[in-house]
Each structure stands twice: as structure tokens, then as C-alpha cells.
Amino acid sequence: MTAVSISHLHKSYNGKPAVEDLSFDVNPGELLGLIGPNGAGKSTTIKILLDFLKPDSGEVSIFGEPMHETLKNQIGYLPEERGLYKRLKAIDQILYFSSLKGMDPSKAAEKADLLLRQTGMLESKQKKIKDMSKGMGQIIQFIVTVIHDPQLIILDEPFSGLDPVNTEMMKNFISRLRDEGKAIILSTHQMNQVEELCDRVLMINHGREVLYGDLQEIKGDYKEHSVRIDVDGEIGKLEGVIHQKSNKGITELALAPETTPQHILDQLKEKGRTINHFEIKKPSLNDIFLHLAGNNHE
Amino acid sequence: MNKTFLIYKHEFRLAIKRAGYIILTLAVPVLALLAIGIIQLVSSLSETQENQLVHIGYVDEPGLVGEAVDEGYARFIPYNSKEEANQALGTYQISTYFIIPDDYLSSAVLQRYTLENENTTSPAMAGMIKRFLSVNMLSDKISPELMNLVVSPLNMQVNRVTAQGEEAIEQMSFANVLIPGIFSLLLSLSLMFGVIALVNSLGEEKESRLIEVLFSSVSVRQLLIGKLLALGLAGLIQVLFWLISAPLILQLASSLFGGFLSAIEIPSSFILLGTLYFILGYLLFAVLSIGVGAITPTAREGGQLSMIYVMLSFVPLWFATLLFMFPNGAFSVLLTLFPITAPIQNMLRLGVTEIPLWQILLSIGLLVLSIILGLYFSIKIFRIYMLMHGKRPGMKTLIKHFRST
């Protein structure tokens, strides 16, 4: 069964559209990246999904049903900004929110200890949120989101405030949850995070779908005809290259339509150059977004 | 477990752990005990002072006083001349002296001399001299009973009767007004702190986006009803604590001071109605605060807006004199029935007069109706504005949004 199904969603504020004709699905065991710049409509979509806002039109179903109170126990939500009681201890906070999700107190305490240990936060469990760093608070927020073993997890900018070590730890955690069969929606404007984690992406801009589908397929569709190389010595003039530019030792060559990367490689060999790096350039999500947003704008 | 109950439990714990709540709850009896202590200290100090006789000299030029009698805390010492009296004053044998001039009977003017820089004679000193003169000038002319009346002619007692001419059960006295008056003040304080706490809590939850996490687990109704019940119970515990401690403090005070304090009784009707008005007042203000908390983007702005109805609820205290003068006047009845002023007004009025039953029932009915309607509209407003993080909507926008839902 599909975890989330949204079709032809419309929502506007004071006549100004925030979400227009948006449709997408998320399946169990799948991580969907909801991406787009600030103000694209990501938060509005999430708020409609969680039933905080009513759509003007369109259908939303969670595990095959329209959203209702009991479904809330199967959802874990991590908001964009910290949603914790500042003057409450981390453990009290975790246990309170787990009780609101219908968890048994003794099981919740056991699971809280496990998650705190796994995230390296066990020693800080008696600390108040106001005495924690932003990153530590974000980890507690993450534990609050997943402690009740939700089947649908909605993460809004989950890496905000985390240092590289904790970002990596959080990424591993999220991947593991996906592998366990949870349906995950990861909303962010940091497209590089999505590239690393997501199976599929939904890119929105001005409330409309710009791109939706399998990440690898999308990247394949938008593959550029260029290579990036690093060689010892001068590259010199190469046949079939339309344009070349260098930055910090790496040279990017835009190839003519009939030229293959192999042909460039052969020419460099013939010239006797030592090749340190050779890469067929794939566009980043950011490049694709800029390309599509540019087209959209035109 | 029911989610409303979980929220209620959590919010109740937060409410009673708040420093403001603990301080206010304990401060009232502690301050009362402190006040009793201070009064006792002051009275024991003045008693010590009173035990030390004041020596007052006098020169009786026309010989009106005759053989003087000591009066109370003063010892009156006769001197033959002003010079003698002056000498005694200069050597601190007396603290002051006065001269009864020859024309005293026609002029009634005395001259008093003192080493202190005094503009007027203190009432205590004047009282002692007056009594001394009355007693000594009239003792051989009138009976002791008449003498007592001359010295203290007025001890008036007011008795309340019914329209049928029978003595009313509840007699009006300062003692009867005191407790309702104090409780009205306490209710005002408690309401104000309760409102501030609720508006702050909602404001903080909105500002920190905690509200989003909560609503991903519970409904608006569950959250708000849980909060209301928790705050209501915290308020009730507070007032019960005061009500329980009041008789003990009164007992202690009356055993120490006696007098009018021993006459104070807290009528059961006041306890019942007072508690009911307290709960209803608390709930009404909590419901209004939810609406305010919903439409204001920050706790600070919410606090400022809530002061409008908090101040409005204090109107009975501002016009307390008018209430004491005309407890059944039109203005008094209006404040009794208007839901925002009803809780404080009726607590005050219960001490001054017997409120007609229809007014009590109508005011309670209006309060309950306001709470139900307030809760309905507050939940609706909260649903519309719970995620709002911008500017507070104007009345026009509010009505427009209301209609669209």
C-alpha cells in the first residue's frame, strides 16, 4: 500500500497560489526528496499532508485513508525549526512526546535510552534543551520524531545545525530507517543532501512540480556532454572540443555532439599526457534545478 | 491513555512548577502571617512605650483643676509658675507642659510648651490633656456614669434588619467585607498570573514551532482542553489553599489581637459561590487567552493584548467605593451580570449585600455561556491561526477568515 498519495493539490493564500496541481506518491521503504528553493511550497505541502492546513482542492491519503487523528500515531514529523520545550530535560521531553504517540511508558524509556546511546546523547539525557547546542537539540528532536517507530517520517531540513560528524550519523540513521521499510519524505533546499540519500525526488518551484521521478533516471536524462580532466602539463588543442575552462587544476571540456569521451581520452594518450583524473560530467540536482528554473523563467 | 489527559497532566505539572505560581500561592498566607507578626511587634513595642508614663506638667493659673488625678498613661505634675515648669522641662523631668490661663473658661485656649519641633499637638497627646481637663474639672459636679459619657459619648453600632423588621442573619460589618475584599484581590492576581502563563505558553509554543510537533500528535481540541483543565485545576488548588489557610490565619490573628478579627466568619455561601465564580472566571479568561494566543505571533504581543480584558475585569475594584455605597444599584447589577467583571464583582458584592438569587443564577448562566461560546470560537481561531508567524490579523481579516471556514 502506498504510504502517501497526493493528487492535484491546490492551495492559495489570499488568492496567491502556494501549491498548484501537485501530485506525488511515497511508498514504504522509499525516501522521497522534496526539494526546491525557499518559498517554493514545500512547507505548505507538508502542512497539508499533516492536516495542519486544509487544501483548496485535491486529495491526500495516508496509508490509503484520508488523514485522521489515529493515523497521527504512525507519523513522525521533524519540523524545520526546533519544536521542543526549552526548560524541559531531554528525557522528559522524549517520554512526553512518545506518550502522545501512544507509546507505553516503560517501552518508551527503554527505546529512548537505546536511541540516546546510538546517537551519543545518553550522557546528556538529563540536560535541558536550553543548555544544549543547536546540533544536540536537533538530535533530540530527531529521537522524538522516530521513537514511536512511525511508518511515515517527514523530515523538514533535518541536517540544520548539525556538524559534519552528526550529519553523517543522521544520514546513516535515515538510510537505516528507509531500509527497515519506512516511507520517508525529506524536505530541504540543500540539494546535495538529497542526491546522497534519496531514491526519488520531487522538485517544486512557485508551488508547481518542476521535476518528479527516479533520481538516477533524472540525472541520466540531464547528462551533459562534457568531461572533467586533470593531466600533467598542458592539454593543448583537442579535436571535438567546443569550449574549455579550468578551475583549480581541473579542466572542463564541452564536447561537440559527434565527439565521444573515449575520443578525448585517446587524444590525451597520443599526446603522452599522464591522466590524474577523468570524469564524464553528470549534472548535479542544483544544475538541473537552475536549468529548469531558467527555462521556466523564460 | 487519553491524549487530552496526557496533555492535562503535562501542562498541570508545568503550571504548578512555575516560579510565579508557587510564589503567589505561598506568598499570600506567608504575607498574612508576616503582617500579623509585624502588627504584634509594633503593638508590643507601643505597649512598652505606653507602659512608660508620660510626664506632663501644667500651670493652673485660675485653679480649675484642683487636686489632679493621674489619667491613663500620663502623669500630670502641677507647677506653680511657668519658670518652674520650664526648669522641669529643661531637665527632662517632664516631656511637655501646658498653661491653663485665667481666661480659659471664656477662651478655651491653652498654651503648650515642648522641646520638640512640633507644628500641632498629636491626637494622642490632645486626647490625654482633654480627658485630664474634663475629669478634673467635672468630677465633683457630675456622676461617674455621666462622666464616662462626657469622655466617650459615641459608640454606635449598626444593625441590619429585614423588610419585615426582623434582625437579618448576616450583619454588615467591616469583618464581613474584609474577606471577600481580600479574595477579590487574590482572584484578580490569580487571574492575571494565569492569563499571562497561558498566553506565554501558547506564544512560546508558536514561536518555537513546538505547536507543529504537538499537532502532529494531537488535535487542536485535545491540546486546548488539556491546557484549560490543567490551568483550571492549578487555579482551583491555589484558591483552595488560600481558603483553607484563611481560617487558620484568622484564628491565629484573633487569638493574638481579638477585637473585630474574632468576629470574622467566612460564610459557607461565600465559600461555595466564591469558589464557583473563581473557577468560572478562570475558565473564561483561559478561553479568551487561547483566542489571543492564537492570533498574536509572539508571547509578548499576546501578553499586551490580554491586558485589555484583564484590566476590564478589575473595574469592580476601581469602583469599590460606589459598590459599598450602592450595593444593589444599576451599575452594581450591570457588573454582576457582565461575564468579564462578574467573578470579581460578585465576590466583592457577596460581602456587602445579599445578591438576589436571579442575579446569581443569571450571572452564572451568562458566564457558562460565554465560556462555551468562547471555547468554540477560540478553537476555530486557533485552527486558522495556529501556524501563523507574521503580523496579527485585524478585525476585518479575522471576520473574513471566520466566514470562509
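Observations on the structure shown:
- Considering A:19, A:4, the condition of being more than 17 Å from the chain's Cα centre (by Cα) and buried (at least 20 other Cβ atoms within 10 Å of the Cβ) is satisfied by A:19 alone.
- Residues of region B:186-224 that turn out to be within 25 Å of residue A:98 (Cα to Cα) and away from chain A (no Cβ under 14 Å), as a count: 2
- Checking residue A:169 against (1) hydrophobic (A, V, I, L, M, F, W, C); (2) farther than 14 Å from residue A:32 by Cβ; (3) in contact with a helix residue (DSSP H, G or I) (Cβ under 7 Å, 6 or more places away or on another chain), the condition it does not meet: (3)
- Qualifying residue in region B:339-350 (condition: at pLDDT below 85 and more than 22 Å from residue B:239 (Cα to Cα)): no
- The condition of being out of contact with any Ser or Thr (no Cβ under 7 Å at 6 or more places or on another chain) and either away from every other protein chain (no Cβ under 11 Å) or within 20 Å of residue B:219 (Cα to Cα) (or both) holds for residue A:123.
- For region A:139-148, the criterion of being buried (at least 20 other Cβ atoms within 10 Å of the Cβ), in the same structural domain as residue A:215 (by TED's automatic domain parsing), free of Cβ contacts under 8 Å to residues at least 40 places away in the same chain and part of a helix (DSSP H, G or I) is met by at least one residue.
- Qualifying residue in region A:160-169 (condition: at positive phi and at pLDDT 90 or above): no
- For the residues A:219, A:282, A:245, the requirement of being out of contact with any helix residue (DSSP H, G or I) (no Cβ under 9 Å at 6 or more places or on another chain) and either within 30 Å of residue A:21 (Cα to Cα) or charged (D, E, K, R) (or both) singles out A:245.
- Top-ranked residue in region A:126-137 [being closer than 16 Å to residue A:169 by Cα and touching a helix residue (DSSP H, G or I) at 6+ places or on another chain (Cβ under 8 Å); ranked as nearest to the other protein chains (Cβ to nearest Cβ)]: A:137
- Residues satisfying the stated conditions in region B:191-210, i.e. farther than 18 Å from residue B:13 by Cα, over 37 Å from the mean Cα position of the chain (by Cα) and not polar (S, T, N, Q): B:207, B:209
- Looking across region A:52-62, the residues that are more than 14 Å from chain B (Cβ to nearest Cβ) and either surrounded by fewer than 16 Cβ atoms within 10 Å (Cβ to Cβ) or touching a Pro at 6+ places or on another chain (Cβ under 9 Å) (or both) come down to A:57, A:59, A:60.
- Meets criteria (farther than 23 Å from residue A:284 by Cα, crowded, with 19+ Cβ neighbours inside 10 Å, in the same structural domain as residue A:18 (by TED's automatic domain parsing) and of a type in the set (A, V, I, L, M, F, W, C)) for residue A:174: no
- Selected residue (only one of B:79, B:92, B:104 is modelled with pLDDT of 85 or more and in contact with a Phe, Trp or Tyr (Cβ under 9 Å, 6 or more places away or on another chain)): B:79
- Among residues of region A:149-169, those that are over 18 Å from residue B:210 (Cα atoms) and touching a strand residue (DSSP E or B) at 6+ places or on another chain (Cβ under 7 Å), counted: 3
- Note on region A:97-115: residues that are within 14 Å of chain B (Cβ to nearest Cβ), of a type outside the set (A, V, I, L, M) and under 14 Å from residue A:145 (Cβ atoms) amount to 3.
- In region A:177-188, the residues that are surrounded by fewer than 17 Cβ atoms within 10 Å (Cβ to Cβ) and either among the β-branched types (Val, Ile, Thr) or touching a strand residue (DSSP E or B) at 6+ places or on another chain (Cβ under 9 Å) (or both): none
- Subset tally (residues that are buried (at least 20 other Cβ atoms within 10 Å of the Cβ) and either at the interface with another protein chain (Cβ under 7 Å from one of its Cβ atoms) or of a type in the set (Lys, Arg) (or both)) for region A:65-95: 8
- Members of region B:302-337 found to be out of contact with any helix residue (DSSP H, G or I) (no Cβ under 8 Å at 6 or more places or on another chain) and either in a loop (DSSP other than H, G, I, E, B) or charged (D, E, K, R) (or both), listed by number: B:328
- Residue-level analysis places residue B:15 among those that are at pLDDT 85 or above and among the aliphatic types (A, V, I, L, M).
- Considering B:340, B:344, the condition of being in a loop (DSSP other than H, G, I, E, B), touching a Leu at 6+ places or on another chain (Cβ under 7 Å) and under 25 Å from residue B:186 (Cβ atoms) is satisfied by B:340 alone.
- Taken over region A:84-98, residues that are within 26 Å of the chain's Cα centre (by Cα) and among the charged types (D, E, K, R) amount to 0.
- In region A:32-131, counting only helices (runs of 4 or more DSSP H) that sit wholly within it, the ones holding 3 or more residues that are touching a strand residue (DSSP E or B) at 6+ places or on another chain (Cβ under 9 Å) and in contact (Cβ under 8 Å) with a residue 40 or more places away in the chain span A:42-49.
- Of the criteria (1) among the hydrophobic types (A, V, I, L, M, F, W, C); (2) within 14 Å of another protein chain (Cβ to nearest Cβ); (3) surrounded by fewer than 19 Cβ atoms within 10 Å (Cβ to Cβ), which one residue A:49 fails: (3)
- Test: residue in region B:168-179 that is modelled with pLDDT of 75 or more and out of contact with any Ser or Thr (no Cβ under 7 Å at 6 or more places or on another chain): no
- Selection of region B:207-218 for residues being at pLDDT 80 or above and assigned to a helix (DSSP H, G or I) yields B:210, B:211, B:212, B:213, B:214, B:215.
The values are calculated or read from the model by the stated rules, or taken from the named source; none is laboratory data. What you are looking at is a predicted structure, and each value in this text was computed from that prediction instead of being measured. Glycine also receives a Cβ, built like all others from the backbone with ideal geometry; neighbour counts cover every protein chain displayed.
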